[in-house]
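The values are calculated or read from the model by the stated rules, or taken from the named source; none is laboratory data. Bear in mind the structure is a predicted one, so any value in this text is a computation, not a measurement. Neighbour counts are summed over all protein chains in view; Cβ atoms, including those assigned to glycine, are modelled from backbone coordinates with ideal geometry. Keep in mind that these areas ignore ligands, DNA and RNA; they rest on the heavy atoms of the full protein, side chains included. Shrake-Rupley method; radii C 1.70, N 1.55, O 1.52, S 1.80 Å.
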Amino acid sequence: MIKYKCTLCSKEYKRDEVKYLCPDCSKDYKPGIPLKGVLEAVFNYEFIKKKFDKSNPDWNLFSAVEPEYFPKYPVGNTPFFKIDNYGKEFGFDNIWIKNDGLNPSGSLKDRASFLVVAEANRIKEKNIVTASTGNAASALAAVCASDNKKAIIFVPESAPKAKLVQMYLYGAEVIKVKGTYDDAFRLSLEYTDKNPGLNRNTAYHPLTIEGKKTVGLEIFAQNNFKAPDVILIPVGDGVIISGVFKAFYDLKMSGLIEKLPRLVCVQAEKSNAIHNFIQTGVYKNADNPKTVADSISVSVPSNAYMAKRAVEESKGFSITVSDEEILTAQKLLASKTGIFSEPSSSAAAAALEKLKSSELLDKKEQIVLLITGNGLKDIESVKDF
Ligand SMILES: *Cc1c(COP(=O)(O)O)cnc(C)c1O
Ligand SMILES: [Zn+2]
């Protein structure tokens with residue numbers, strides 16, 4: 001059974017003592033700044049060390065919610081494989097892809113929604129609320145549909161059409177916000193203050209990080225129980241990168257790896273608050289986070305502090321890419337590998353090209369591109385074809 005630990009003040013809480021943020025650290029939180037007092041699940045690593053057996057791995061040892069509560073809706077177990085053509089374009093020998101665009105609703109967000117719905121089963125809650133740029137909402141709507149739950153969604157009206165279509169078809173209650181994702185985030189918190197229902201906002205609910213963690217555990221398992229050298233990760237709110245970090249942190253604490261993979265934070269040039277924070281050490285909201293990569297378009301990244309820690313403790317780094325670089329990479333990746341990734345994920349591919357002459361990456365090391373979302377979710381953004 002897990003405990004929670006505050007990532008800011010390190011205070012520990014019993015599992016059912018807290019629901020969202022650390023009560024102490026979140027006292028002066030208000031929307032418009034990154035979340036304060038995000039909670040991290042703490043496992044009994046000595047127990048995992050004793051029980052985990054590589055020849056018959058029980059991944060539920062790393063799960064913050066017991067499997068009896070899991071929705072019967074398979075997510076994850078997406079392909080992990082080496083690609084030759086794309087990396088060779090830029091002189092890289094050992095490029096791998098984790099294709100999470102093949103999740104049931106088409107993005108990595110299914111993993112977080114799956115675990116939050118499991119938690120809703122555990123605490124017997126029927127309504128789940130979220131703010132989203134589009135994918136978290138379509139994922140939540142999908143998992144809720146499979147498990148007799150109601151998804152209540154706050155989403156910018158400008159979200160790509162396919163993502164909106166998904167939410168409606170899965171039967172969610174959709175509240176279209178005339179504004180940005182940051183406005184939707186604020187409205188969903190106001191709603192949760194006054195109404196029943198579990199809030200799944202990214203990082204606000206600690207199990208979103210734990211859910212996203214499973215992609216890192218799978219990479220480790222599919223890579224013959226080894227950590228790769230580098231993982232390139234598209235970053236918006238900073239929860240995927242924190243989840244991947246948590247996976248390898250848990251593996252290290254359990255004695256299964258010695259060294260963490262270097263995590264590379266890839267952001268869009270204008271939606272660069274976390275990048276900026278890592279570079280300067282001073283946090284500032286992104287003023288006008290306009291980018292073709294809607295899934296990573298955010299002014300106030302919820303999980304800025306943990307994301308920065310993930311990059312620094314893994315000895316990784318951060319980089320930004322322009323919309324033009326993203327769309328060029330999207331096309332090249334598709335034509336060289338057969339993988340059509342949505343713009344946010346194409347940002348990771350764009351970063352690889354941008355780093356071709358950099359000393360930050362070695363041409364021979366094992367580098368993973370994390371493909372977080374399926375390109376069919378946003379065909380409007382594809383320009384030249
Ligand atoms: C949400 C999302 C991201 C960014 O994840 P964060 O946790 O917000 O950093 C990247 N790609 C896709 C497809 C997403 O849906
Ligand atoms: Zn705290």
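Can you find even one residue in region 246-260 that is crowded, with 19+ Cβ neighbours inside 10 Å, at pLDDT 95 or above and either within 16 Å of ligand 2 (Cβ to nearest atom) or within 20 Å of Ser107 (Cα to Cα) (or both)?
Within region 246-260 (the criterion being crowded, with 19+ Cβ neighbours inside 10 Å, at pLDDT 95 or above and either within 16 Å of ligand 2 (Cβ to nearest atom) or within 20 Å of Ser107 (Cα to Cα) (or both)), the answer is yes, since at least one residue qualifies.
Within region 83-97, can one find any residue that is touching a residue at least 12 places away in the same chain (Cβ under 8 Å), under 18 Å from Asn201 (Cβ atoms) and out of contact with any Asp or Glu (no Cβ under 9 Å at 6 or more places or on another chain)?
no
Under 9 Å between Cβ atoms, at least 6 apart or on separate chains: pull out the pairs that start in region 230-256 with a residue that is basic (Lys, Arg) and end on any residue that is within 16 Å of ligand 2 (Cβ to nearest atom).
Final answer for the pair search is Lys246/Glu40; Lys246/Ala41; Lys246/Ile209; Lys246/Met306.
How about region 152-233: which helices (runs of 4 or more DSSP H) wholly inside it have at least 1 residues that are of a type in the set (Asp, Glu)?
On the way: elements: 161-169, 181-194, 206-222.
Because the criterion is at least 1 residues that are of a type in the set (Asp, Glu), the helices (runs of 4 or more DSSP H) in region 152-233 that meet it are 181-194, 206-222.
Consider Thr320 against the criteria (1) in contact with a His (Cβ under 6 Å, 6 or more places away or on another chain); (2) in contact (Cβ under 8 Å) with a residue 60 or more places away in the chain: it satisfies all of them except one. Which criterion is unmet?
(2)
Filter region 27-76 down to residues that are among the polar types (S, T, N, Q) and out of contact with any helix residue (DSSP H, G or I) (no Cβ under 7 Å at 6 or more places or on another chain) and give me whichever is least open to solvent (accessible area, probe 1.4 Å).
Looking at the filtered set, the residue picked out is Ser63.
To keep it simple, each residue is scored yes or no on (1) open to solvent by 10 Å² or more (accessible area, probe 1.4 Å); (2) without any contact (Cβ under 8 Å) to a residue 60 or more places away in the chain; (3) within 21 Å of Asn272 (Cα to Cα).
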position	(1), (2), (3)
Gly338	yes, yes, no
Pro343	no, yes, yes
Ala350	no, no, yes
Glu359	yes, yes, no
Lys363	yes, no, no
Val368	no, no, no
Asp378	yes, no, no
Lys383	yes, yes, no
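Just name the residue that is nearest to ligand 2 (Cβ to nearest atom) out of those in region 212-245 that are of a type in the set (Gly, Ala, Ser) and under 16 Å from Lys98 (Cα atoms). First the steps, then the outcome.
Quick first cut of region 212-245, residues of a type in the set (Gly, Ala, Ser) only: 216, 221, 227, 236, 238, 242-243.
If we keep only those that are under 16 Å from Lys98 (Cα atoms) too, we end up with 216, 221, 227, 243.
On the way: Gly216: 25, Ala221: 33, Ala227: 29, Gly243: 20 Å.
Per the criteria, the residue is Gly243.
Out of region 277-308, which residues are within 14 Å of ligand 1 (Cβ to nearest atom) and outside any loop (DSSP other than H, G, I, E, B)?
Phe277, Ile278, Asp294, Ser295, Ile296, Ala304, Tyr305, Met306, Ala307, Lys308
For every residue, the table says whether it meets (1) surrounded by fewer than 24 Cβ atoms within 10 Å (Cβ to Cβ); (2) under 19 Å from Phe114 (Cα atoms); (3) within 15 Å of ligand 1 (Cβ to nearest atom); (4) among the small types (Gly, Ala, Ser).
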| site | (1), (2), (3), (4) |
| --- | --- |
| Lys176 | yes, no, no, no |
| Thr180 | yes, no, yes, no |
| Leu189 | yes, no, no, no |
| Asn201 | no, yes, yes, no |
| Tyr204 | no, yes, yes, no |
| Lys212 | no, yes, yes, no |
| Gln222 | yes, no, no, no |
| Ile231 | no, no, yes, no |
| Val235 | no, no, yes, no |
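Checking the conditions here, which among Asn148, Asn127 is in contact with a Pro (Cβ under 9 Å, 6 or more places away or on another chain), open to solvent by 20 Å² or more (accessible area, probe 1.4 Å) and at pLDDT 95 or above? Give the steps one after another, and end with the answer.
Values: Asn148 fails: in contact with a Pro (Cβ under 9 Å, 6 or more places away or on another chain).
Criteria check complete, one pass: Asn127.
Within region 87-98, can one find any residue that is within 16 Å of ligand 1 (Cβ to nearest atom), at positive phi and open to solvent by less than 70 Å² (accessible area, probe 1.4 Å)?
Scanning region 87-98 turns up no residue that is within 16 Å of ligand 1 (Cβ to nearest atom), at positive phi and open to solvent by less than 70 Å² (accessible area, probe 1.4 Å).
Specify the residue that is farthest from ligand 2 (Cβ to nearest atom); the eligible residues are those in region 1-11 that are under 24 Å from the mean Cα position of the chain (by Cα) and surrounded by 14 or more Cβ atoms within 10 Å (Cβ to Cβ).
Top of the filtered list is Ile2.
Restricting the search to region 261-277, which residues are over 14 Å from Gly236 (Cα atoms) and either open to solvent by less than 50 Å² (accessible area, probe 1.4 Å) or among the aliphatic types (A, V, I, L, M) (or both)?
Hits for region 261-277 are Pro261, Leu263.
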